[in-house]
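Scroll down for the structure; my scribbles are underneath it.
The values are calculated or read from the model by the stated rules, or taken from the named source; none is laboratory data. As the structure is a prediction and not an experimental result, all values here were calculated from the model. We place every Cβ from the backbone using ideal geometry, glycine too, and count neighbours over all the protein chains shown. We work out accessible area using only protein heavy atoms, side chains counted, and drop any ligands, DNA or RNA first. Shrake-Rupley method; radii C 1.70, N 1.55, O 1.52, S 1.80 Å.
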Amino acid sequence: MKKMKRGLLAGASVLSICVLLAPMLVLAAEEGTPQPSMYATFWALVPPIVAIVLALITKEVYSSLFVGILVGGLFYSGFSFEGTFNHIFNDGFVAVLSDGYNVGILIFLVILGAMVSLMNRAGGSAAFGHFAKKKIKTRAGAQLATVALGVLIFIDDYFNCLTVGSVMRPVTDEHKVSRAKLSYLIDATAAPVCIIAPISSWAAAVSGFVEGEDGFSIFIRAIPYNYYALLTIVMMIAVILLNIDFGPMRIHEKNALNGDLFTSGKAAQEDETGAKNPKGKVIDLVIPIITLIICCVIGMIYTGGFFGGESFVTSFSNSDASVGLALGSIFAMLLTIIIYLIRRVLTFSECMECLPSGFKAMVPAILILTFAWTLKAMTDSLGAAVFVAEAMKKSAGGLMIFLPAIIFLVGCFLAFSTGTSWGTFGILIPIVVSAFAETNPQLMIISISACMAGAVCGDHCSPISDTTIMASAGAQCNHVNHVSTQLPYVLVVAAVSFVTYIISGFVQNPWIPLPIGILLLLACLLIIRTLNRRKNES
């Protein structure tokens, strides 16, 4: 909470300064312009770049995001005082918080926070931690169990991040795994796993962007070419089994072995009352989690028309993840409360006390999400997507063999700058389809997969990505710590993926570049381990 208060204070300070400077800026403005002069230019990408750079330098996410939002508002209004703040608050904060999809995600966040508080208060989390301590003997085992659970929960990335974090925190804490490492494992098994799972909200989204083609069939055929997602899974397993940590993550892991799981020493406040409940058992965590999974799946297929006669696959493809997760989590929470009351592990008043407690735990994630969504609204209003789309259309015809590698980089940059992978799909996939559907269908499949891989890569490491924010919330890790520690890992996999896409453009076969990519990745990790050893010896 202290970290959050300082962030809000810094944001308020920035706002005050901008209010004082705005009258000077307005003198240079051209008021009343229907479309900003910076629309669909490189300047449209400046606001998110400013926010990201500030966040990494200052380690202060709230004020950094707000400065990015302010820059976007100034660019849009032509540096008009009134226009800037009207755009920020009316087209930004108010618009994103009144959007039905975003509200559904916020409801899901709050309810999941309440469920975590319930499980802690009932003693389920503590009981599961004691049980896992007997079954999982090593740090590597705790990390591999986290990866396995993340791979199993492939339905939706939001659901994955928060559920895996809630279940595995007691286990990884017991084995002194840093919260930064836990955040990385959660994040790396969220979007990268969902993008190669045929039955997931991501598969449905990608299929919908492939107009005029069999979207689901193309998604299936693109899976072997999704090198970033596949190599990320290899990366996690190799890092755990070979015990290789590098960059800032290495410092966090060393500190965790000495008892400091957060390194910064500024951990999120957790509800520890559950550890004092002697009635808690493992089933008090397992049953709510299983109930949550079942209810969320039912909620998602309900929104897709399953109970109206649609097949399971069709209803899942047509589902509204936001509404489905909100509905499912509400029913799961009600069932959890009923189960706890029947078992008499909690009283009704204790259950009700967990609701505001859970909401309080999710406030930092909700604040960051709101700022990130508003920053995206500023970027969209400046035409960042149009700028990238036009640039790709002009160059797509001459790229040919190198298109998969280049579109991978474009996808990375766009998703990193805007914090959205789905938006990147929507921009790049139609361009690829129109360029190659008639001339080279195989290269179209590779390029679509490169677009998905690049979007997931950029989304994976972007500080303003909602999935990255969810991973921080799930692990209850400082958000900037999570971003800075996982960035070197993402860059290593991204570099190897870029090479594999160059190879795939020439051979146009998925099974030749993938083994080469795996060998390159392992070679990079072994070189890093050797350098670490030499550094320790010196």
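If a residue has to be in contact (Cβ under 8 Å) with a residue 60 or more places away in the chain and in a helix (DSSP H, G or I) to count, how many in region 323-352 make the cut? Before the answer, list the steps.
Going through region 323-352, the residues in contact (Cβ under 8 Å) with a residue 60 or more places away in the chain turn out to be 323, 325-326, 329-330, 332-333, 336-337, 340, 343-346, 350-351.
With the extra rule that they be in a helix (DSSP H, G or I), the set shrinks to 323, 325-326, 329-330, 332-333, 336-337, 340, 343, 350-351.
Adding up the residues that qualify gives 13.
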Could you check region 443-474 and list, in sequence order, the residues that are among the hydrophobic types (A, V, I, L, M, F, W, C), open to solvent by less than 10 Å² (accessible area, probe 1.4 Å) and out of contact with any Phe, Trp or Tyr (no Cβ under 9 Å at 6 or more places or on another chain)? Ile469
Pairs, please: C-beta under 7 Å, at least 6 apart or cross-chain, first residue open to solvent by 20 Å² or more (accessible area, probe 1.4 Å) and in region 237-250, second of a type in the set (Ser, Thr, Tyr)? Gly247/Thr485; Pro248/Ser484; Pro248/Thr485
In region 496-512, how many residues are open to solvent by 20 Å² or more (accessible area, probe 1.4 Å), polar (S, T, N, Q) and farther than 18 Å from Met444 by Cβ? 0
What's the number of the only condition in (1) modelled with pLDDT under 85; (2) under 20 Å from Ala40 (Cβ atoms) that Ser421 fails to meet? (2)
Of a type in the set (A, V, I, L, M, F, W, C), more than 25 Å from Leu403 (Cα to Cα) and in a helix (DSSP H, G or I) - does that describe any residue in region 500-520? no
What's the total number of residues in region 305-322 that are within 21 Å of Ser217 (Cβ to Cβ), crowded, with 18+ Cβ neighbours inside 10 Å and either among the aliphatic types (A, V, I, L, M) or without any contact (Cβ under 8 Å) to a residue 40 or more places away in the chain (or both)? 1
Could you check region 225-243 and list, in sequence order, the residues that are more than 19 Å from the chain's Cα centre (by Cα) and within 16 Å of Leu487 (Cβ to Cβ)? Val239
